[in-house]
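Accompanying notes for the structure given below.
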Amino acid sequence: MQRRQVLCLLGSSSVLGTVGCLSGTDPEPAGRDTESDPTTTAPQSPAATSPTTNSSRVRQWAKEADSRGPVRPDGEPVSVDRTITDDPGYEQDNVEYFPQNETVRYVKRMSGGEPAAYDTWSFEEWGRIESAEVGATRARTVTARKLGVEEVGSGISSPPDEAETEGLVSTVEISKRLSRDGDVVRWPVATFPELKKAAPSSVDVTLSIEGDTFSRRVPVYVSYSIMHYD
């Protein structure tokens with residue numbers, strides 16, 4: 001099978017506006033991932049590894065802080081290579097690749113644990129969306145490790161209106177959650193300046209499926225929000 005390389009440093013996307021969020025507890029995508037970043041073995045600061053210190057300091061910051069972002073973070077770029085498994089029955093990645101016309105058939109809807117509806121994207125359309133999702137998972141993992149916390153939120157979306165970037169981007173998020181009465185039911189795991197410093201500015205994603213590859217530098221954006229329960 002002929003290998004082809006699609007490089008989209010700031011590729012445009014014609015398929016989606018805002019796409020669903022990947023929470024901090026979502027499982028890692030299926031497939032085989034190879035990851036690298038310049039801070040894998042870097043020691044964390046005492047403040048980042050002390051939950052007691054973080055709790056007091058972060059809560060003090062969050063008492064007065066308004067929503068922030070989305071903005072580009074300041075961390076070093078990271079990368080991830082992901083091999084997609086094209087198994088019969090859509091058992092691993094819920095996709096089937098057709099190299100003869102470079103299209104990807106994916107499971108659009110499940111019912112009773114089985115595929116109930118399918119749709120088809122071109123290889124490039126699929127790659128732009130999948131790369132943003134894989135990039136979000138990678139950015140989330142790196143950011144949580146740097147902050148010394150168990151999890152942060154992540155997702156994919158269109159870039160802000162003022163951004164020069166086109167196409168889907170990866171997001172990393174923290175939030176403060178309030179009850180109906182305005183009481184805090186969940187504090188953020190870090191301050192926004194800490195999040196902005198820790199998150200990678202971009203993720204270089206390479207996807208491989210049946211010998212063909214798609215590569216894209218996915219921009220990362222960070223935000224802090226105040227969420228109210230209804």
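The values are calculated or read from the model by the stated rules, or taken from the named source; none is laboratory data. Everything numeric here is computed off the predicted structure, so don't read it as measured data. Virtual Cβ from ideal backbone geometry, glycine too; neighbours counted across all protein chains shown. Protein only, heavy atoms only, side chains kept; ligands, DNA and RNA dropped before computing areas. Shrake-Rupley method; radii C 1.70, N 1.55, O 1.52, S 1.80 Å.
Annotation: extensible slack from Asp119 through Ser208 equals 30.0 nm (criterion: 0.36 nm per residue apart, minus Cα-Cα distance). Put a dot 7 Å past the Cα of Ser111, heading toward its Cβ, do the same for Glu162, and the two dots end up 4.7 nm apart. Report, in whole Å, the centroid distance computed from the Cα atoms of segment 167-230 and segment 112-149. The distance from the Cα centre of segment 167-230 to that of segment 112-149 comes to 13 Å.
Ignoring any ligand, DNA or RNA, what whole percent of the accessible area of segment 139-178 comes from carbon and sulfur when the probe is 1.4 angstrom? Solvent-exposed carbon and sulfur of segment 139-178 make up 39 percent of the total.
With the highest mean first, a sort of the peptides 100-113, 186-199, 122-135 on other beta-carbon atoms found within 10 angstrom per residue produces 122-135, 186-199, 100-113. For segment 95-159, the Cβ-based charge dipole about the Cα centre amounts to some 280 debye (Lys, Arg positive; Asp, Glu negative; other atoms uncharged). Rolling a 1.4 Å probe over the protein heavy atoms gives segment 113-158 an accessible area of 33 Å² per residue.
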